[in-house]
Amino acid sequence: MSWVNAVVQGVLLGGLYALVAAGLSLVFGVMRIVNLAHGVLAVVAAYGALVLGRALGLHPFLALLLVVPAMAAIGYLLQRGLLDRALRGGELAPLLVTFGLAIVLQNVLLEAFSADNQRLSVGALGTSGVRIADGLSIGWFPLLAALTGVAVIAGLGRFLARTRTGRAMRAASDDPEAARLMGVDDRRIYAVATALALATVAVAGVFLGARSTFDPAAGATTLIFAFEAVVIGGLGSLWGTLAGGIVLGVAQGLGAAVDPAYGVLAGHLVFLAVLAVKPRGLFPSAVTA
Amino acid sequence: MSAPLLEVDDVEVAYGDAVALPGLSVAVAEGETLALVGANGAGKSTLLRTVCGLLRPRRGAVRLDGDDVTALPAHARVARGIAMSPEGRRLFPSLSVEENLLVGGYARRRGPWDLAAVYELFPLVAERRSRPAANLSGGEQQAVAIGRALMANPRLLLLDEVSLGLAPVVVAQLYAALPRITGQGTTVLVVEQDVHQAMAVADRVQCLLEGRTVLEGPAERIDRTALAAAYFGVAR
Amino acid sequence: MTQLDAPRTAAGTGSVPRVRRGGRAAWAGGAGLVAVVAVLGYLPYLVSRGTQVDLVGLFALVVLGTMWNLLAGYGGMVSIGQQAYIGIGGYGLVYLAETVGVDPFLSVPVAALVCALVAWPTSYLAFRLSGGYFAIGTWVIAEVVRLLVTQVDAVGAGSGASLTAFSGIEPLYRIAFVYWMSLGIAVVVVVGVYLLMRSRLGLALTAIRDDPTAASSAGVRVTRAKRLVYVVAAAGCGLAGAMIVANTLRVQPGSIFSVDYAAIMVFVVVIGGIGTIEGPVLGALVFYLLQDSLADLGNWYLVVVGGVAIAVTLLAPRGLWGLTRGRVELFPTGYRVAVRR
Ligand SMILES: Nc1ncnc2c1ncn2[C@@H]1O[C@H](COP(=O)(O)OP(=O)(O)O)[C@@H](O)[C@H]1O
Ligand SMILES: [Mg+2]
């Protein structure tokens, strides 16, 4: 039963990884930027919720009402202020700039909050769940996190497929100059994409911060897990990312069931194995979204 | 006489140090169809890209209906009524045909053109509406590109090399649609290497050579031999 | 085979071009460089042990910067996982010298060779990714190496190990020997990259950087050239790792595999000037000189490092060396075409 449990928990965790990865995927899909600060930004959001909890006594989920718009605004400004310029600076510039940003943010957090472990408390929701069988129960919180991941991915997919702005985003991703000829302000569209990505990563950060402890350096693993979910699933497909997140979560769960020290390593090894045998990911998509 | 709808006034356009247009002027009256002809590399596309805002002139001005739009970015010119079907079609390959058209209407003005009107103009496009744009034949792609530009309901429609790489019969079909577009009062600036096609559809023809006007006049009064000479730059 | 045309002049100048490398300034620069190395070589007779230990840190920065520049500036590969090879180099030295019993000075190049041997098959995995995903992929690989090393009891698992193989040598000599070794490695690495860039590989890399599609259709084997760069950079970072451990006599997984090394390499290369031989050397010097004042800043230290890297990338992408605008050129890799009119 403990194996079944490991798989079930892994699936739920995978939904959360997909939630983190969705924004990374979106920004890459639209602008071909890999935002190396993506993980740290999730952690920034978690600290944001922590501060709001301490200062105003807000429950983390209520804090989301402030943290999400704030992160979206930061994303918009980040794109207009830094990343737009970086995009014009050649292929390496966006990587150097976002990596620099990751270093800066992580160490600002370290200065502001010290290296102490923190955790967001969601109250009884964090500990209660439903018992399915002996040794197998599903916590409400992990379930909520996974469902949120699915909902965000579905919402992003619909947004890209059905809305005027979503279509413009895909058009600008295909051919920014031609999009400009259609009246699409590609720079504004990029800023909207980054804002959306940061809004989703804010949700992800708060869920991650409530699921387990975090510290200023947690952005590194967050970015890596998101990236692994994207690559395992196959670049350019949001649903693939969800599947990739689940594969990663299950691998980590099973690894940890063998020995707690092997959880993360097992995830990495599955990632490397996928890279070796199916470099386009397990669920490659024909059409980039 | 009122100001022309489009007035390109002595623009100098360069790629880095290479000057493509040393100081070119072009005017198109409202409702008129002007054909810009010239050999490969004459500067026709450069002019269209300057008109739609993808290129900034180093000198000179672009005016639309008397308003100076030289400083306006390309995306803002669409709302003013300039739309282009660019050289090489440039459809969005990952979008369906219909989505391409919808993006064309992203900054649409009020006017006669919408999905239904474009589908009526190009029935073949209607049949392909849900296909990815990447899976169309060249002629179909060109029809979508024209339809996509029309979706903005432009006052000035720029068409760059409609005939490029297409069979003559397909080209004829595409140009057969032009009267229905101009019939709505749309002003058209068409760039063609196919001089006969250009002369057939245009009210006026202007021939470029190395970024300069070497011949211009009403289509029906242009002398073919003189035009051929101007086109290739042999002694005038 | 790689086929590259010699640079051509613009059509229509109607004169015969003379292609040459460098110029008088380069010869003067080269002579100055030899003098600097000679002075540095003599330093152990003049300066304290502490200063020598500090300078080994500088030489490691020079090596790391030069290797990262080879990867990113010449090979177009942004890696944030070179700490994998820094760690393998450091641990390799400890394992070879302590457990296997190889002479520690000999262990240093052998550890670098091990890095190259690990990097070669690894490149087949890493090269399945490109751009930013390649960057994170290299980081994952570094994490995997770190996690595996922390499972190995022979090298102290999670707590690390000490290098005691030098204990037979008088500290005075040990420090001087390590200093000379590190200086030698730094010189070899910098000159080696210079020679590499003047070779056919250098031409191929320049062609790839300028236009990968054209380069591959012109017969440049893009992947092979990049793989060679990746392997060489791994060996170089291994040398740096071994230098660091030989200098501090201690290796710990948390610090030798730290991603902070990636931040430092980016800083050194970007500040100095990416895509030049001189840039990373200059950048290493700047970082070294700033280190003490930076250390006083506590956590702000890396904030400054990251912030400056962003600012330079956006505002002065050619770095400090770029500010000289080619007036000085110590290592002429570029061709100059002089046209007589
Ligand atoms: N992107 C570009 N970069 C540099 N030169 C260009 C570019 N595009 C066009 N040119 C040059 O500008 C001149 C005019 O080109 P173009 O406007 O494309 O001509 P046409 O459309 O009449 O064939 C040519 O000499 C061409 O080589
Ligand atoms: Mg053209």
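The values are calculated or read from the model by the stated rules, or taken from the named source; none is laboratory data. As the structure is a prediction and not an experimental result, all values here were calculated from the model. In this analysis, Cβ positions are derived from the backbone assuming ideal geometry, glycine residues included, and neighbour counts consider all displayed protein chains. Heads up: the accessible areas ignore ligands, DNA and RNA and are worked out on the full protein's heavy atoms, side chains in. Shrake-Rupley method; radii C 1.70, N 1.55, O 1.52, S 1.80 Å.
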Condition first: within 10 Å of another protein chain (Cβ to nearest Cβ) and either at pLDDT below 95 or within 16 Å of ligand 1 (Cβ to nearest atom) (or both). Can you find one or more residues in the stretch B:156-163 that meet it? yes
When restricted to B:Leu47, B:Leu64, the only residue open to solvent by less than 40 Å² (accessible area, probe 1.4 Å), more than 15 Å from ligand 1 (Cβ to nearest atom) and closer than 25 Å to B:Gly185 by Cα is B:Leu64
Of those in the stretch B:71-99 that are more than 10 Å from chain A (Cβ to nearest Cβ) and open to solvent by less than 40 Å² (accessible area, probe 1.4 Å), the residue nearest to B:Ala145 (Cα to Cα) is B:Val97
In the stretch C:93-121, anything hydroxyl-bearing (Ser, Thr, Tyr) and either surrounded by fewer than 23 Cβ atoms within 10 Å (Cβ to Cβ) or at positive phi (or both) is listed as C:Tyr95, C:Thr99
Can you find even one residue in the stretch C:201-210 that is part of a loop (DSSP other than H, G, I, E, B), surrounded by fewer than 22 Cβ atoms within 10 Å (Cβ to Cβ) and of a type in the set (Asp, Glu)? no
Could you say which residue among A:Arg211, A:Arg131, A:Arg162, A:Arg158 is in contact (Cβ under 8 Å) with a residue 60 or more places away in the chain and basic (Lys, Arg)? A:Arg211
The correct count of residues that are open to solvent by 10 Å² or more (accessible area, probe 1.4 Å) and within 16 Å of ligand 2 (Cβ to nearest atom) in the stretch B:139-166 is 4
Name the single residue, out of those in the stretch C:180-200 being part of a helix (DSSP H, G or I) and of a type in the set (Ser, Thr, Tyr), that is farthest from C:Asp54 (Cα to Cα). C:Tyr194
When you scan the stretch C:162-179, do you find a residue that is acidic (Asp, Glu) and part of a helix (DSSP H, G or I), even just one? no
When you scan the stretch B:38-74, how many residues do you find that are in contact (Cβ under 8 Å) with a residue 40 or more places away in the chain, more than 11 Å from ligand 2 (Cβ to nearest atom) and β-branched (Val, Ile, Thr)? 3
Condition test on B:Thr187, is it hydroxyl-bearing (Ser, Thr, Tyr), open to solvent by 10 Å² or more (accessible area, probe 1.4 Å) and in contact with a Ser or Thr (Cβ under 8 Å, 6 or more places away or on another chain)? no
As an exercise: evaluate B:Pro218 against (1) more than 14 Å from every other protein chain (Cβ to nearest Cβ); (2) under 16 Å from the mean Cα position of the chain (by Cα); (3) away from ligand 2 (no atom under 16 Å from the Cβ) and give the number of the one condition it does not meet. (2)
In a strand (DSSP E or B) and more than 16 Å from ligand 2 (Cβ to nearest atom), is that true of B:Val205? yes
Filter the stretch C:72-87 down to the residues that are under 23 Å from C:Val187 (Cβ atoms) and modelled with pLDDT of 95 or more, then identify the one that is surrounded by the most Cβ atoms within 10 Å (Cβ to Cβ). C:Tyr85
Please determine, by comparing only the residues of the stretch A:251-272 that are facing another protein chain (nearest Cβ under 9 Å) and open to solvent by less than 20 Å² (accessible area, probe 1.4 Å), which one is farthest from C:Thr122 (Cα to Cα). A:Leu265
Looking at the stretch B:106-115 only, could you name the residues that are under 18 Å from A:Arg162 (Cα atoms) and buried (at least 21 other Cβ atoms within 10 Å of the Cβ)? B:Tyr106, B:Ala107
First in the stretch C:263-281 and within 12 Å of another protein chain (Cβ to nearest Cβ), second anywhere and open to solvent by 10 Å² or more (accessible area, probe 1.4 Å) and part of a loop (DSSP other than H, G, I, E, B), Cβ under 9 Å, 6 or more apart: C:Val269/C:Gly275; C:Val270/C:Pro317; C:Ile274/C:Pro317; C:Ile274/C:Arg318; C:Gly275/C:Arg318
Selected residue [open to solvent by 20 Å² or more (accessible area, probe 1.4 Å) and either more than 14 Å from C:Thr138 (Cβ to Cβ) or charged (D, E, K, R) (or both)] from C:Thr66, C:Thr51: C:Thr51
Could you please find all residues in the stretch B:9-33 being closer than 25 Å to B:Tyr175 by Cα and within 16 Å of ligand 2 (Cβ to nearest atom)? B:Val26
Give the residue, chosen from A:Ala70, A:Ala46, A:Ala86, A:Ala37, that is more than 14 Å from chain C (Cβ to nearest Cβ), of a type in the set (Gly, Ala, Ser) and touching a Leu at 6+ places or on another chain (Cβ under 8 Å). A:Ala46
Residues of the stretch A:214-228 being more than 15 Å from the chain's Cα centre (by Cα) and either without any contact (Cβ under 8 Å) to a residue 60 or more places away in the chain or open to solvent by less than 10 Å² (accessible area, probe 1.4 Å) (or both), which ones? A:Pro216
Taking interchain pairs and intrachain pairs at least six residues apart, which have beta carbon atoms under 8 angstrom, with the first residue in the stretch C:162-188 and among the charged types (D, E, K, R) and the second open to solvent by less than 40 Å² (accessible area, probe 1.4 Å) and in a helix (DSSP H, G or I)? C:Arg174/C:Phe166
Checking B:Arg180 against (1) surrounded by fewer than 19 Cβ atoms within 10 Å (Cβ to Cβ); (2) assigned to a strand (DSSP E or B); (3) not small (Gly, Ala, Ser): exactly one of these is not met. Which one? (2)
Subset of the stretch A:1-30 (residues that are touching an Asp or Glu at 6+ places or on another chain (Cβ under 9 Å) and within 12 Å of chain C (Cβ to nearest Cβ)): A:Ala21
A careful count of residues in the stretch A:184-206 that are open to solvent by 10 Å² or more (accessible area, probe 1.4 Å) and over 13 Å from A:Val30 (Cβ atoms) gives 4
Hits in the stretch B:116-138 - residues which are open to solvent by 10 Å² or more (accessible area, probe 1.4 Å) and in a helix (DSSP H, G or I): B:Ala116, B:Ala117, B:Tyr119, B:Glu120, B:Leu121, B:Pro123, B:Leu124, B:Ala126, B:Glu127, B:Ala134, B:Asn135, B:Gly138
Tally time: how many residues in the stretch C:285-329 are at pLDDT 90 or above, hydroxyl-bearing (Ser, Thr, Tyr) and surrounded by fewer than 18 Cβ atoms within 10 Å (Cβ to Cβ)? 0
Let me spell it out: the conditions are (1) of a type outside the set (S, T, N, Q); (2) more than 16 Å from ligand 1 (Cβ to nearest atom); (3) not in a loop (DSSP other than H, G, I, E, B), and B:Ala198 meets all of them except one. Which number is the exception? (2)
All conditions in (1) surrounded by fewer than 20 Cβ atoms within 10 Å (Cβ to Cβ); (2) within 25 Å of A:Val192 (Cβ to Cβ); (3) within 10 Å of chain C (Cβ to nearest Cβ) are true of A:Glu111 except (2)
